[in-house]
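Below is one structure, written out as structure tokens; the observations come after it.
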Amino acid sequence: MRFAIKTRPEHTTWAAMRDVWVAADDIDIFESAWNWDHFYPLSGDLTGSNLEGWTTLAALAAVTRRIRLGCQVTGMIYRHPAVLANMAATVDAISDGRLELGVGAGWNQLECDAYGIELPPLRERFDRFDEGVQAMVGLLTEPTTTFAGKYIQLTDARCEPKPVQRPHPPITIGGRGPKRTLRAVARWAQQWNVITETPAEWLSLKEILVAHCADLKRDPSEITCSVNVRIDPDAGVGQAAEQAAAFGAAGVDLVIMNLPLATKPDILEPLAQVLAPLR
């Protein structure tokens, strides 16, 4: 089992997030670090501050040297896929090939209403997502891409320079929808991330993913399976480590430890110590 951290960019400062990621970069047990792609906080005062995910990710790429980094996960509704592909290629260059390209269909009605961003009905949202991922893969891998979808059209489109990682940065798809999300994972993803309450619930979702992989003739072992475990500041890192161990016993490959708000770097060494025996 492998481990990562996730820092919530809500109700915090750039300096505080930077300090945690720089410290995690020096602790080998953490293979990757993640933020999220929202413009409003998701907890507490919803009028409070929330750092933008991709500009923060680019800055964090520049101040770290080893740890892989990603946004968990980018809402496809917020940026045209061609724009997102160029952003991803640039962040991969800044990080010297450490980007994990996290994408999802998007869901936050509050943000969309506030910014005048269309949030289509669920079926259309996933149709747009499927087209968007396909278009991005073309842009990140091919010299030019022409794509004639219902929602996305590209004509001899270029994305240069190409990312450092070839054929493209690993794609992480987040979500649990059994029909559309898990099928998209089977088709496109190198990592599947899901938030689930119990290992038993995760196993039932994994069975659905394996069935989609069989249908698409994809080897499910090619897909890293990751879950998020939240560290309760009142319970401490020990309880979170027990939850991580249970997911590992169920077959999860990567456990992403969600750090509490106002986390300081000094939480990382004790966390690493309780996780080390689980590797």
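The values are calculated or read from the model by the stated rules, or taken from the named source; none is laboratory data. The shown structure was predicted, so the numbers you read here are calculated from the model rather than taken from an experiment. Cβ atoms come from the backbone with ideal geometry, glycine included; neighbour counts cover every protein chain shown. The area values use the complete protein model at the heavy-atom level, side chains included, leaving out ligands, DNA and RNA. Shrake-Rupley method; radii C 1.70, N 1.55, O 1.52, S 1.80 Å.
Numbers below:
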| quantity | calculated |
| --- | --- |
| Value of Rg to Rh for segment 113-255 (Rh from inverse mean 1/r over Cα pairs, i.e. Kirkwood) | 1.04 |
| Restraint check, Lys179/Lys264; Lys6/Lys217; Lys6/Lys179; Lys150/Lys217, Cα-Cα greater than 29 Å | Lys179/Lys264; Lys6/Lys217 |
| Neighbour-limited loop hits for GluC sites (Glu not before Pro), segment 177-214 (at most 16 other Cβ within 10 Å; DSSP other than H, G, I, E, B) | Glu197 |
| Filtered GluC sites (Glu not before Pro), segment 10-98: DSSP coil and at most 15 other beta carbons within 10 Å | Glu52 |
| Potential extension, Thr141-Gln273 segment - 0.36 nm per residue separation minus Cα distance | 43.5 nm |
| Segment 68-184, dipole about Cα centre (Lys/Arg Cβ +1, Asp/Glu Cβ -1), debye to the nearest 20 | 400 debye |
| Accessible-area composition of the chain, carbon plus sulfur, in percent [1.4 Å probe] | 54 percent |
| Coil-residue trypsin sites (Lys or Arg not before Pro) of segment 73-156, DSSP, other Cβ within 10 Å capped at 10 | Lys150 |
| Cα-derived Rg to Rh of the chain, Kirkwood definition | 0.95 |
| Alpha-carbon centroid distance for the pair segment 68-96 / segment 16-36, whole angstrom | 18 Å |
| 20 °C / 1.002 mPa s Stokes-Einstein diffusion coefficient of segment 184-279, Kirkwood radius on C-alpha pairs, µm²/s | 149 µm²/s |
| At least 18 Å along the helix axis (C-alpha) and Kyte average at least 0.5, DSSP helices within the chain | 81-94, 199-216, 237-250 |
| Global form of segment 45-202, assessed from the alpha-carbon gyration tensor, a/c cut-off 1.5 | rounded |
| Accessible area expressed per residue, segment 224-279, with surrounding protein chains retained (probe 1.4 Å, Å²) | 45 Å² |
| Å² per residue, accessible surface of segment 42-104 at 1.4 Å | 34 Å² |
| Average accessible area per residue (Å²) across segment 137-179 - probe 1.4 Å, nucleic acids and ligands excluded | 54 Å² |
| Cβ-based net charge around Pro170, under 14 Å, with every Lys or Arg adding one and every Asp or Glu removing one | -1 |
| Assigned charges on the beta-carbon of Lys, Arg, Asp, Glu; the chain dipole about Cα centre (debye) | 640 debye |
| Over segment 163-279, relative contact order from alpha-carbon pairs under 8 Å, at least 6 apart, % | 21 percent |
